[in-house]
Amino acid sequence: MKNIFFKLILIFAFSFSSSVMFAQKDSVHFRIPHQISVEFGYRYSFYQNTYLSDAGTYIGDPGNTISQTLNKATSGVGILADYAWQLSGFNNKKPAIYLSIPMGYTIFLPDNPTSKRISMLNYGWTIRHNLATSDKKLIPFVGYGLFLTNMSVGIPNWGSVSGHQTQFEGGLNFSTSTKLQYFVKLQASYSSYPKLGYAKSLHFMYADLRVGVRL
């Protein structure tokens, strides 16, 4: 009786290990695809508050008078890199959707000798929807992003101020025979900051023309 019971245990153990082995052999080990992008291009501010502080003069810290500062910096250049994870379209039957974590830097150049340079560091997340499957040569896409931004102005002792940015974009991916994809896109953004030295908001609205490469 004991021998029969022992043999049954061996047969069960062998059958279980065999089934696990075959299941592992037949299973598909899936790794979520990712994509790295680098882009650069031109930015134009079609609306901005030119007064970086509130109009007139007022008292800041005790004994420190802060005066109105007028600044014009309406165009510049920027660069951005992001790391994206694919969320859908794995079997190429549907267009892919990507979630990415970007980080970028933009410089607004002064319009005249009395203006100051404005620089912005931004980071956050974006959602990008491809509008065609990856087997196409041209793949249009649209995207949406939310960023935290840090803006500084080339004025001594003014430091920097933090704000937020909302961004919409649309463009084209150009597939190649390699893993590389080139792309061009237009994007529109809105950002808001506290006015430097005063409890009011500073707003920027701008458009970008960007080109880049994905891997």
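The values are calculated or read from the model by the stated rules, or taken from the named source; none is laboratory data. Nothing here was measured: the structure is a model prediction, and the numbers come from that model. When we count neighbours, we look across all protein chains shown, and the Cβ atoms used for this are built from the backbone with ideal geometry, even at glycine.
Would you point out the residue of the stretch 89-133, among those that are farther than 20 Å from residue 182 by Cα, polar (S, T, N, Q) and assigned to a loop (DSSP other than H, G, I, E, B), that is modelled with the lowest pLDDT?
This residue is 114.
Answer yes or no as to whether residue 174 is within 20 Å of residue 83 (Cα to Cα), without any contact (Cβ under 8 Å) to a residue 60 or more places away in the chain and surrounded by fewer than 14 Cβ atoms within 10 Å (Cβ to Cβ).
It is false that residue 174 is within 20 Å of residue 83 (Cα to Cα), without any contact (Cβ under 8 Å) to a residue 60 or more places away in the chain and surrounded by fewer than 14 Cβ atoms within 10 Å (Cβ to Cβ).
Give the residue, chosen from 171, 154, that is modelled with pLDDT of 95 or more and assigned by TED's automatic domain parsing to the domain that holds residue 78.
171
Looking only at residues that are touching a Lys or Arg at 6+ places or on another chain (Cβ under 8 Å) and more than 16 Å from residue 80 (Cα to Cα) in the stretch 182-205, which one is surrounded by the fewest Cβ atoms within 10 Å (Cβ to Cβ)?
Restricting to residues being touching a Lys or Arg at 6+ places or on another chain (Cβ under 8 Å) and more than 16 Å from residue 80 (Cα to Cα), the top hit is 201.
Restricting attention to the stretch 71-85, which residues are crowded, with 17+ Cβ neighbours inside 10 Å and closer than 21 Å to residue 147 by Cβ?
Answer for the stretch 71-85, where residues must be crowded, with 17+ Cβ neighbours inside 10 Å and closer than 21 Å to residue 147 by Cβ: 73, 74, 76, 78, 80, 82, 84.
Which condition does residue 147 not pass, out of (1) of a type outside the set (A, V, I, L, M); (2) under 16 Å from residue 81 (Cβ atoms); (3) in contact (Cβ under 8 Å) with a residue 60 or more places away in the chain, if it passes all the others?
That leaves (3) as the condition not met.
Quick check on the stretch 134-143. Is at least one of its residues touching a residue at least 12 places away in the same chain (Cβ under 8 Å), surrounded by 14 or more Cβ atoms within 10 Å (Cβ to Cβ) and part of a loop (DSSP other than H, G, I, E, B)?
Yes, the stretch 134-143 has at least one match.
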